[in-house]
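One structure below.
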Amino acid sequence: MYKPHIRIEDLKAWYGNGQALKGITADVPEHQITAIIGPSGCGKTTLLRCLNRLLEEAQATRVSGHVWLDGTDIYGPGVDVTEVRTRVGMLAPKPFPLPMSIYDNVAYGRRIHGLQRTLDKGNGRNLDRIVQHYLQAAGLWEEVKDRLHDPASGLSTGQQQRLCLARALAVEPEVLLCDEPTSALDPISAQGIEEQLLALKEGTTIVLVTHLLRQARRLADHIIFLWMGELVETGPAEQIFHSAQDERTRAYVAGNIG
Amino acid sequence: MQAIRTWLSPLIRARRSAPRQAGRRRRERWARRFMGALTLGTVLLVPLLAAALVVRAWPILAARPLSELLFSTDWHPLKGQFGFYPFIMGTLWVTAVAMIIAVPPSLLTAIFLAEYAPERLRAVAKPLIDLLAGIPSVVYGVWGMLTVVPAIERYIAPAVQGSLGAVPLFRSDNPTGYGVLAGGVVLAVMVFPSIIAVAEEVVRAVPDGLRDASLALGATRWQTVRNVVMRRAWPGVAAAVILGLSRALGETMAVLMVVGNMPRVPGSIFDAAYPLTALIANNYGEMMSIPLYDAALLAAALILLLIVVGFNIASRLVLIRLTPAK
C-alpha cells in the first residue's frame, strides 16, 4: 500500500459558467509518479493547476472542494498561497525562462523567499553552491557552467526546459507538478527530462499530466484517468493498464478512443 | 438541367472567369498603388515639413549666428535681437516637470490595470481613460486657469516656499500661480492617458506563462510584476513614456494658458516660463512688419521639431542598446 501525499476531495472547477472539473476525488501517493491521463479537454491541466492554486490566477475561474497536502487543506481559510506554491513546484509544457541570466533563473526562487539572507551571508558562495547543485540535478550543469551569467533566452528549448526544472527544484518542493513537460521537446531532450523525473521520485512526489499513453506507461506508478471533467478510474498503474474496471478506461488504454 | 449546364459550362466559365480574373487583378494592382501612394505621402510629410520650415526660417538663420539664436537670452524683436534660449528652456522645464509628475502614477496605474484589476473594472476604466485623451486641450487650459493656478498661488507656493524656500528650485519672486508648475501639472494630466493606454497594452502583452513561472515558485504578484513582468515589458513601457514626452513637448494651448508667458529663463518651478509652442501660437500673424520676425517664429518651430525628433532618436538608440538580443 502507498502513503498518500495529496488527497483530492470532491474538487470542482469552473471557467466562467463552464464546469471543467465535476467533483474529483483521488489520491496522489508519496514519492511516486502519478500520471493524470485522458483525452484532450478532459480537465487534466485544470486539475494539475488546482494542486498549487495556480488556476485562480486566471480571470473568472472558481474552485470548490478540498486538496489535502500532508493533512492540510490548501483551500482552507488562512492558507498562504505563496507557501503552498513553495511546497508544490511546477514545470510547464513550454519552457518560460525568466528574463534574466541562467544563474539568476535558478536563484530566483531562493531570492524571492529571502532564503539567501540566511544562506548567502557574505560572499554568496552558498547560493553559488545551490545553483550548481540544482543545475546538476537537472542535468544542465556541464553545458552551462562557463556561461552562468549569460541570458537564459540564449539556451536551446531543451536546455531551457531543464533550466526550468532546476529553477523549480531549487525551491526544494515536496511535490512537483509537470504539465506535459516534454511536449515542446525533441525526442532526445524529452528522454533526458523523463530520466530526471525518474531519478527525482526518490525524494519528491511527482504529478505528471500527459497525453502520451506510452509516456504514462514508461513513467507512471499511479494513474488518474479523467473523462470530460469526471474521474473515471484511479489506482496503481499496473491495475489501470491491465485490469481496468471501467469500459472507457479499457478502451482508452487500448488506444481505441481519445 | 445537368446536361444543359454541362454543355454551357465552357461558355459560362469563359464569360465569368476571363474578364473577372482580369478585373480582379486590375483592382488588386490599383488598390496596392493607391494605398502605397498614401503611405508614401505620410512618410514624406516629416521631411517636407522640415524643408519648408528651413526655407521660411532661412532669412534669420543666414543673418544671425546659430550660437546667438540658440544661446542668447535677449529677445527684443524690435531691436532685432532674437535669442531663443528662454523659450527652449521654458519648453524643457515645463516638459520635465510634467514628466516627473506624470510618469510614476501612470505606470503604476497601467500595472494595476494590467496585472491586478478584475476584467470588469478594466472594461470600465479603459474607455474612461481613453476618453480623457480625447478632451480638447483648451478645456484642460481652462481647468488649469480656474483650479491649478489659484491652488498654486494660494496654497502650494506659500506652503512649499515657507518650508523649502531656501532651495533654489522652489525660490521665486513670481507671486501669481502662473508658471512652470502650473504648466507641468496641466501637461501631466494630459499625458496620463496616452502613457497609461500604451503601457497597459505592453504589460498585458507579456506572456502568461512567464507570470505563471514566477507565481508557481511562490512569488507574490508584486514580486512577479517587479522582477519578471516589468523586466520583460520595460522597452515597451519606455516607448510609452517617449510617446507621452513627445506629446508634452508639442502641446500648446493648455500650456500657453497657464505658464505665464514671460520670455525669461526659469530658475524655479514657480517662475513663469514661455515655451516655444506658446511663443509661436501667441505671436504668429501679429507684428509681422518687424523685420525677420516671421522668420524667427518659423525658426522657433524648426527648433521645436528638432527637439522632438532628437528626443525620439536618442531614446530609440538607448532602447536598442539596452534591449537584449532575443
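Summary of computed values
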quantity	calculated
Pick from the range A:147-166, criterion part of a helix (DSSP H, G or I) and touching a strand residue (DSSP E or B) at 6+ places or on another chain (Cβ under 9 Å), ranking: farthest from residue A:95 (Cα to Cα)	A:152
The lone exception for residue A:224 - which of (1) touching an Asp or Glu at 6+ places or on another chain (Cβ under 6 Å); (2) surrounded by 23 or more Cβ atoms within 10 Å (Cβ to Cβ) it fails	(1)
Residues of the range A:12-68 that turn out to be of a type in the set (A, V, I, L, M, F, W, C) and within 14 Å of another protein chain (Cβ to nearest Cβ), as a count	7
Test: residue in the range A:172-185 that is under 24 Å from residue A:113 (Cα atoms) and in contact with a Phe, Trp or Tyr (Cβ under 8 Å, 6 or more places away or on another chain)	no
Every residue from the range A:165-187 that is more than 13 Å from every other protein chain (Cβ to nearest Cβ) and either among the hydrophobic types (A, V, I, L, M, F, W, C) or within 16 Å of residue A:107 (Cβ to Cβ) (or both)	A:185
Restricting the range A:70-88 to residues that are in a strand (DSSP E or B) and at pLDDT 95 or above, the residue that is surrounded by the most Cβ atoms within 10 Å (Cβ to Cβ)	A:88
Among the candidates A:202, A:195, residue that is part of a loop (DSSP other than H, G, I, E, B), among the charged types (D, E, K, R), away from chain B (no Cβ under 14 Å) and at negative phi	A:202
Residue selected from the range A:79-95 under the condition facing chain B (nearest Cβ under 8 Å) and of a type in the set (D, E, K, R), by the criterion farthest from residue A:156 (Cα to Cα)	A:83
Helices (runs of 4 or more DSSP H) fully within the range B:184-269 counting 3 or more residues that are more than 17 Å from the chain's Cα centre (by Cα)	B:208-215, B:221-224, B:230-250
Count of the range B:270-314 residues which are more than 21 Å from residue B:147 (Cα to Cα) and in a helix (DSSP H, G or I)	29
Leading residue by the ranking (farthest from the other protein chains (Cβ to nearest Cβ)) among those in the range B:182-216 that are buried (at least 21 other Cβ atoms within 10 Å of the Cβ) and touching a Phe, Trp or Tyr at 6+ places or on another chain (Cβ under 6 Å)	B:186
Pairs where the first residue, in the range B:109-134, is loosely packed, with under 10 Cβ neighbours inside 10 Å and the second is modelled with pLDDT under 95 and outside any helix (DSSP H, G or I), C-beta under 7 Å, 6+ apart	B:119/A:59; B:119/A:60
Restricting the range A:143-164 to residues that are within 17 Å of residue A:127 (Cα to Cα) and aliphatic (A, V, I, L, M), the residue that is nearest to the other protein chains (Cβ to nearest Cβ)	A:163
The range A:131-170, residues that are over 18 Å from residue A:193 (Cβ atoms) and among the hydrophobic types (A, V, I, L, M, F, W, C)	A:131, A:148
Wholly within the range B:60-178, helices (runs of 4 or more DSSP H) carrying at least 3 residues that are of a type in the set (Gly, Ala, Ser) and either assigned by TED's automatic domain parsing to the domain that holds residue B:273 or under 30 Å from residue B:211 (Cα atoms) (or both)	B:85-111, B:119-134, B:157-164
The range B:217-254, residues that are more than 9 Å from every other protein chain (Cβ to nearest Cβ), of a type in the set (Gly, Ala, Ser) and surrounded by 20 or more Cβ atoms within 10 Å (Cβ to Cβ)	B:233, B:240, B:244, B:248, B:254
The listed residue being modelled with pLDDT of 90 or more and either outside any helix (DSSP H, G or I) or over 38 Å from the mean Cα position of the chain (by Cα) (or both), out of B:26, B:16, B:20, B:56	B:26
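Yes or no, residue by residue, for (1) touching a Pro at 6+ places or on another chain (Cβ under 6 Å); (2) at negative phi; (3) surrounded by 15 or more Cβ atoms within 10 Å (Cβ to Cβ); (4) β-branched (Val, Ile, Thr):
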| site | (1), (2), (3), (4) |
| --- | --- |
| A:9 | no, yes, yes, no |
| A:16 | no, no, no, no |
| A:31 | no, no, yes, no |
| A:37 | no, yes, yes, yes |
| A:68 | no, yes, yes, no |
| A:94 | no, yes, yes, no |
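The values are calculated or read from the model by the stated rules, or taken from the named source; none is laboratory data. Remember, it's a predicted structure, so these values are computed and weren't measured experimentally. Glycine also receives a Cβ, built like all others from the backbone with ideal geometry; neighbour counts cover every protein chain displayed.
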